[in-house]
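In what follows, a single structure is set out as structure tokens and then discussed.
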Amino acid sequence: MKDLAPRAISDLDDLISGLRTPIDIDEAVHATRTGIKRLRAFVRLARVSIGTDTYRIENGTLRDAARLVAPARDARVLIDTAASEDAAPTVLAMLEGAHADAIDTLEAGVRTETVRLLELTAGRWKHLAWGGPPLSSIRIGLRKTYRRGRADSATVLAEPTADAFHGWRRRVKYLRYQLEAIKAPDALVAPYTDLGDHLGLEHDHTVLIGVCSSFRGNADFANLARRSTAQRAELRSLALDLGSRLFVAHPDLFVDTVEETVNLG
């Protein structure tokens, strides 16, 4: 698709602008994290056309940028997840304090370094003057992401651990963003969006449960952990049910179905 790379470069410029002069730092960090996932999904579609070495450089730089802002984003998500389970004021106050510390660290130089990495990426991409990955590269990228998502789905069914769900979540997100990048119809994208949302919330509760376990003697954290665990169990059930229906096709058949609904030329 000839406009795929120019759109990715435009999205990258928007991320840089939003993070360089943020109106709301939490919103800017959230947009950066989500935007980087979309860009990494694009790079996976372009991998065959740009070569493995270039792919590793670009994917690695984007990964490093995402890791820099992760603590601030995770701290905000913990507050929102705890609030959704009616956490006690004392718990929310502790989480708010941790969030404030994460933002202080971000503003002490992390945000500037993240912008620098994204600017380096943008400079390289504009120099490459990508026109967009060819159909062969897109097909291989989609097939690989779906195949891995299918394998991760089987792993979760066999051994539903937190790590297994985490790996599956990442793959589902990449597949969703790849489908959106090639402008697949909503009917095709929506189920993967729903699955990604279930898995994203499952991950948020897993992290919250882990934090609560650090305060075993605190009744407020213990009560929150019980509610969060119950919610996580429901989210896992929803994800397993939906995933069992989405990852049944052979990867080649999946790609053929996508190509029938989207003009990938």
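Inspect all residues belonging to segment 217-224 and state whether any of them is free of Cβ contacts under 8 Å to residues at least 40 places away in the same chain, buried (at least 16 other Cβ atoms within 10 Å of the Cβ), touching a helix residue (DSSP H, G or I) at 6+ places or on another chain (Cβ under 7 Å) and not basic (Lys, Arg).
No.
ARG139 versus (1) surrounded by fewer than 19 Cβ atoms within 10 Å (Cβ to Cβ); (2) farther than 25 Å from ALA66 by Cα: which is the lone unmet condition?
Unmet condition: (1).
Please go through segment 59-74 and give me each residue that is farther than 15 Å from VAL115 by Cα and either in contact with a Lys or Arg (Cβ under 8 Å, 6 or more places away or on another chain) or outside any helix (DSSP H, G or I) (or both), ordered by number.
ASN59, ARG73
To keep it simple, each residue is scored yes or no on (1) modelled with pLDDT under 95; (2) within 23 Å of PRO71 (Cα to Cα).
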position	(1), (2)
VAL189	no, no
GLY200	no, yes
ASP252	no, no
GLU259	yes, no
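Yes/no matrix, rows are residues, columns are (1) in contact with a Phe, Trp or Tyr (Cβ under 7 Å, 6 or more places away or on another chain); (2) surrounded by fewer than 16 Cβ atoms within 10 Å (Cβ to Cβ):
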| position | (1), (2) |
| --- | --- |
| MET94 | no, no |
| THR105 | no, yes |
| THR145 | yes, no |
| ARG148 | no, no |
| PRO160 | no, yes |
| HIS166 | no, no |
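The values are calculated or read from the model by the stated rules, or taken from the named source; none is laboratory data. In this text, all values refer to a predicted model and were calculated from it rather than measured experimentally. Every residue, glycine as well, gets a Cβ built from its backbone with ideal geometry; the counts of neighbours run over all protein chains shown.
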